[in-house]
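Below: one structure, written as C-alpha cells.
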C-alpha cells in the first residue's frame with residue numbers, strides 16, 4: 001500500500017537527515033529542543049492582528065533551514081496533516097471578525113503561525129534523532145519509563161510498519177478490487193497481527209531479562225554541552241527578545257516609508 | 001483531531017500540559033506500583049503496533065471512505081488505563097515528531113483530548129463496569145463503540161474549548177461545535193466498530209489478554225485458543241447481554257444518529273444551553289463567572305498571555321498602525337534571504353575546496 | 001576427547017517439562033555438557049528444542065528432575081547468577097535487539113551489571129571486534145541486514161562474557177555468504193556453545209557433538225560425524241541427511 005510505503009519512506013528520509021554530519025546536527029539536542037519550544041511559544045503568543053511581527057519571526061525557521069541545509073519542500077509536505085484544521089478555523093475569520101480586512105489579517109497571521117510551527121518542528125527532527133531527544137528529555141527529568149517507552153516505540157515502528165505493509169500487500173493480492181480492508185476481515189487480520197505483536201513483546205522481554213534487566217533501564221548519554229551550544233542558545237534567545245520586546249520592526253519600516 | 005500549535009495560546013497550551021502531566025505522573029506511580037517489568041517492553045511494542053495500525057485503511061461498508069483504529073481505547077483494553085495512557089503519550093509524541101501530526105506545544109492538549117479521554121474515561125467509566133461480570137462479544141462491542149463515540153465527542157469538544165479559550169478564531173462557538181461534534185460522531189462510530197472487531201477477535205483467541213474483565217462462569221479456561229468457540233460464545237453473549245450482536249449494533253447506530261441530531265439542533269438553536277454545557281464540561285470557575293463564552297475566552301487570552309502585547313486589541317486601529325510594522329517585516333525578510341544566500345554561497349564554496 | 005577431569009558446565013538428569021501442565025514436552029532428558037564443547041541440538045520443529053533452551057536460561061522454571069548450570073541448581077534464587085554465565089541468541093534478531101543503535105544494544109547487558117563506563121566501553125569494543133562489526137557501532141538497528149543483525153545479536157551476548165552461548169536456529173534467513181561468515185565466527189569463539197537447529201549442514205560445520213531430539217526425548221547423543229551420516233537414524237526421526245551427504 002503506497003500509504004504505508006510513503007510513511008516508511010518518510011521515516012527513512014528523516015533518519016538519513018539526522019545521521020548527517022552537519023553543524024546543526026551536532027548542536028546539543030537539549031539546546032535545539034529548548035529553542036524550538038521557546039520559538040513556538042513566541043509565535044503563538046503574537047497577537048492575531050500583528051502581521052508585521054509574524055513576518056519578522058520568519059527569521060528563525062528561515063535561518064535554521066539554511067544552517068541545517070534543509071529543504072523547504074519537505075516541511076511544506078509535512079503541513080498536510082495539520083493545516084486543514086488550522087484553515088478550517090481561520091477560514092471564517094474574514095466573515096466573523098469586526099471587518100473583512102481585520103479578518104483577513106488575523107487569518108493570514110494564523111496561517112503563518114501554523115506554517116512556522118511545523119517548520120521549526122521539522123527542523124528539530126531533521127537534525128536531531130529521537131534517541132537524542134530522549135536523552136534531552138531525561139536531562140530535564142522526564143521520567144525514565146516514559147522515555148524508555150518512546151525509545152521502544154521508535155525502535156519497533158519500522159518493523160511494525162513493514163509488517164503492516166506485508167499484511168496489506170498480501171491482502172490486496174487476494175482482494176485486488178478493494179481499496180482498504182473489508183469489514184469482515186477487520187477483526188481477524190488485525191487481531192492476529194496484534195497477537196503476534198504481543199508474542200514479540202514477550203520475546204523482547206525475555207531478551208531484556210536475560211541481559212540483566214530488572215525494571216531499571218541502563219543507558220548513558222554521550223552528548224556533552226559545548227561552548228558552541230551555549231553561544232547558539234544565547235544568540236537566538238537574544239534575537240527572540242529583540243524581536244518580541246522592541247518595536248524594531250516598526251523602526252525599520254519607518255525608515256522606508 | 002490533532003491540534004496544531006497555531007490554534008493554541010501559551011496559557012491554554014500550558015494548562016493542558018499541566019493537566020496531562022498530572023495524569024501522566026499518576027499513571028507512572030500506578031504502573032511503578034504494579035512493579036511488573038514486563039509492562040515496559042509490552043508498552044513499547046504495542047505502542048509501535050498502534051502507530052503502525054494508523055497506516056492501515058479500513059473500508060467502511062457502504063461508503064467510499066476509510067477509517068482507523070482507536071488507539072487509546074484498544075491499548076487500555078489490553079494494558080489497563082495507566083499503562084495505556086503512557087503508551088499513548090509515546091505514540092503521540094513520536095507521531096508529532098516524525099509526521100508533524102500535532103505540534104510540540106499542542107502535545108499536552110492532544111494527549112489530553114485523545115489519550116486521556118480514550119484511556120481513562122473509556123476504560124474506567126465504560127469498559128470496566130461493562131466487563132465487571134465477565135466479557136462477551138456483545139459486551140465488548142457495546143463497550144468499545146460506546147467508549148469510542150463518547151471519548152471522541154469529549155475530545156472534539158475539548159478541541160473546540162481549547163481553540164476558543166486561546167482566542168484564535170472568530171468562529172462562533174455554536175458553529176464550531178456543530179461542525180466538530182457530528183464529524184467526530186461518525187469517526188467515533190467507525191473507530192469503535194474497527195476496534196471492537198479486533199478486541200472481539202482477541203477475546204475469542206486469547207481472552208486472558210484483555211484487561212479489566214471480571215470472573216464469569218461463561219469464560220471457561222477450556223475455551224482458550226479454541227477456534228471453534230463461535231457458537232458457545234455467541235450463546236454466552238445472549239445469556240450475558242440478552243441481546244444479539246447485530247441487534248446491538250443496530251441499537252447503537254440509532255442512538256448515535258439521534259445523538260447527532262440532538263447535538264446539531266442544540267448547537268444551532270440553543271447557544272445558551274451550550275454555554276451551560278461548556279461550564280459543565282470544563283468546570284472552571286472562570287467560565288462560570290460570566291455567561292458569554294467568547295468574552296471569557298478573550299479575557300483569559302489577554303490576562304494570561306505570557307508576553308505583553310504591543311499591538312492593539314481593536315482591529316480597526318490595528319490595521320492602521322501595523323503598516324510600518326508590515327513594511328519593517330518585509331524588509332527583515334528580504335535581508336534574511338540575502339544573508340542566507342551569502343551563507344549558501346560560502347557553503348558551496350567550501351564544498352568545492 | 002572427554003577425559004573425565006573436564007569441568008561440566010551443564011548437568012541435566014531426568015529432566016521433564018510439561019507445557020502449562022497439560023502437554024509433556026520434554027521427557028527424562030539427561031545430558032552433561034563440558035567446557036569448550038559445541039553441541040548441536042537437532043530435531044524437527046516442535047520436538048522441544050526451544051523449550052530445552054528456555055529451561056537452560058531459567059525462562060521456564062517448573063521442571064522436574066535435575067538441572068544444574070555452572071554448578072548451580074536452576075532455581076529462582078539462582079536465576080540471576082546463572083544468567084551471568086549463559087547467553088541466549090534468539091532466532092528473531094529483532095526481538096533480541098531492542099535498543100535503537102548497535103552500540104547501545106551491545107552495552108545494555110554490561111550496563112545492567114553495573115560496570116563502569118570504561119569497562120562497558122571496553123567490552124562493547126571487544127564484542128564488536130570479535131564479531132567483525134566495529135563499523136556498525138553507531139548504526140541504527142533497523143537499517144542492518146539480516147546477517148548484520150545476527151552478528152549484532154551475538155555481540156550483545158559476547159559483551160556479557162558468558163561461559164555458555166545458546167543459539168536458537170542461528171542460520172535461519174541468512175544468505176550463503178552470511179551463513180559462511182557465521183560458521184567461521186562460531187568456530188573461532190572459544191565459549192561452550194549449544195546450537196539448536198534443523199539445518200544439519202550448518203550443525204555439521206559448527207558442532208563436534210550432536211543431540212538428536214524426537215518427541216521430547218533424546219534418541220541419540222554422539223559425535224556429529226556419526227549421527228549426521230546415519231541416514232536411517234535421521235529418517236526415523238523425521239530428518240534428512242545433510243545435503244552434502246545426499247550425493
Identify the single condition in (1) touching a residue at least 40 places away in the same chain (Cβ under 8 Å); (2) surrounded by fewer than 20 Cβ atoms within 10 Å (Cβ to Cβ); (3) over 18 Å from the mean Cα position of the chain (by Cα); (4) closer than 16 Å to residue B:103 by Cβ that residue A:33 does not satisfy, given that it satisfies every other one.
(3)
In segment A:1-21, anything more than 10 Å from chain B (Cβ to nearest Cβ) and either over 15 Å from the mean Cα position of the chain (by Cα) or not in a helix (DSSP H, G or I) (or both) is listed as A:2, A:9, A:16, A:19, A:20, A:21
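Mind telling me which of the residues A:98, A:106 ends up being loosely packed, with under 15 Cβ neighbours inside 10 Å and within 8 Å of another protein chain (Cβ to nearest Cβ)?
Working: A:106 fails: loosely packed, with under 15 Cβ neighbours inside 10 Å.
After applying the criteria, what remains is A:98.
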For segment A:131-158: of the residues being without any contact (Cβ under 8 Å) to a residue 24 or more places away in the chain and farther than 20 Å from residue B:39 by Cβ, which is nearest to the other protein chains (Cβ to nearest Cβ)?
A:131
Residue A:94 vs (1) out of contact with any helix residue (DSSP H, G or I) (no Cβ under 7 Å at 6 or more places or on another chain); (2) assigned to a helix (DSSP H, G or I): all pass except (1)
Residue within segment B:193-205 that is modelled with pLDDT of 90 or more, in the same structural domain as residue B:108 (by TED's automatic domain parsing), within 15 Å of the chain's Cα centre (by Cα) and surrounded by fewer than 24 Cβ atoms within 10 Å (Cβ to Cβ) present
no
Those helices (runs of 4 or more DSSP H) completely within segment C:146-247 that have 1 or more residues that are within 24 Å of residue C:58 (Cβ to Cβ) are C:146-158, C:176-188
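Tell me which residues, restricted to segment C:82-118, are touching a residue at least 60 places away in the same chain (Cβ under 8 Å) and crowded, with 21+ Cβ neighbours inside 10 Å. Let's see the steps before the verdict.
Kept after step one, since they are touching a residue at least 60 places away in the same chain (Cβ under 8 Å), are these residues of segment C:82-118: C:84-91, C:93, C:96.
C:86, C:87, C:88, C:89, C:90, C:93, C:96 - these are the residues of segment C:82-118 that are touching a residue at least 60 places away in the same chain (Cβ under 8 Å) and crowded, with 21+ Cβ neighbours inside 10 Å.
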Would you mind finding the one in C:212, C:239, C:158 that is buried (at least 18 other Cβ atoms within 10 Å of the Cβ), under 19 Å from the mean Cα position of the chain (by Cα) and either more than 14 Å from every other protein chain (Cβ to nearest Cβ) or farther than 25 Å from residue A:210 by Cα (or both)?
C:212
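In segment C:41-112, which helices (runs of 4 or more DSSP H) lie fully inside it and hold 2 or more residues that are more than 16 Å from residue C:18 (Cα to Cα) and within 14 Å of chain A (Cβ to nearest Cβ)?
Working: elements: C:49-56, C:79-83, C:93-96, C:102-112.
The helices (runs of 4 or more DSSP H) meeting that bar are C:79-83, C:93-96, C:102-112.
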What number of residues in segment C:146-155 are within 13 Å of another protein chain (Cβ to nearest Cβ) and free of Cβ contacts under 8 Å to residues at least 60 places away in the same chain?
4
Conditions (1) away from chain A (no Cβ under 11 Å); (2) in contact with a helix residue (DSSP H, G or I) (Cβ under 6 Å, 6 or more places away or on another chain): number failed by residue B:18:
(2)
Looking at B:72, B:67, B:103, which is the one that is more than 10 Å from every other protein chain (Cβ to nearest Cβ) and within 29 Å of residue A:122 (Cα to Cα)?
B:72
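Between A:125, A:167, which is facing chain B (nearest Cβ under 8 Å) and surrounded by 22 or more Cβ atoms within 10 Å (Cβ to Cβ)? Walk me through how you get there before you give the answer.
Values: A:167 fails: surrounded by 22 or more Cβ atoms within 10 Å (Cβ to Cβ).
It is A:125.
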Quick one: residue A:32 ticks every box in (1) within 21 Å of residue B:107 (Cβ to Cβ); (2) within 11 Å of another protein chain (Cβ to nearest Cβ) except a single one, so which number is it?
(2)
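Just give me the residues in segment C:164-184 being farther than 20 Å from residue C:94 by Cβ and either surrounded by fewer than 16 Cβ atoms within 10 Å (Cβ to Cβ) or modelled with pLDDT under 95 (or both), in sequence order.
Within segment C:164-184, the first condition is being farther than 20 Å from residue C:94 by Cβ, and the residues that meet it are C:164, C:176-177, C:180, C:183-184.
Within segment C:164-184, C:176, C:177, C:180, C:184 meet the criteria.
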Only one of (1) more than 25 Å from residue B:198 (Cα to Cα); (2) crowded, with 24+ Cβ neighbours inside 10 Å; (3) modelled with pLDDT under 90 is not met by residue B:99, so which one is it?
(2)
Can you tell me how many residues within segment A:51-77 are at the interface with another protein chain (Cβ under 7 Å from one of its Cβ atoms) and outside any helix (DSSP H, G or I)?
1
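The values are calculated or read from the model by the stated rules, or taken from the named source; none is laboratory data. Quick caveat: nothing in here was measured; it's all calculated off a predicted structure. Every residue, glycine as well, gets a Cβ built from its backbone with ideal geometry; the counts of neighbours run over all protein chains shown.
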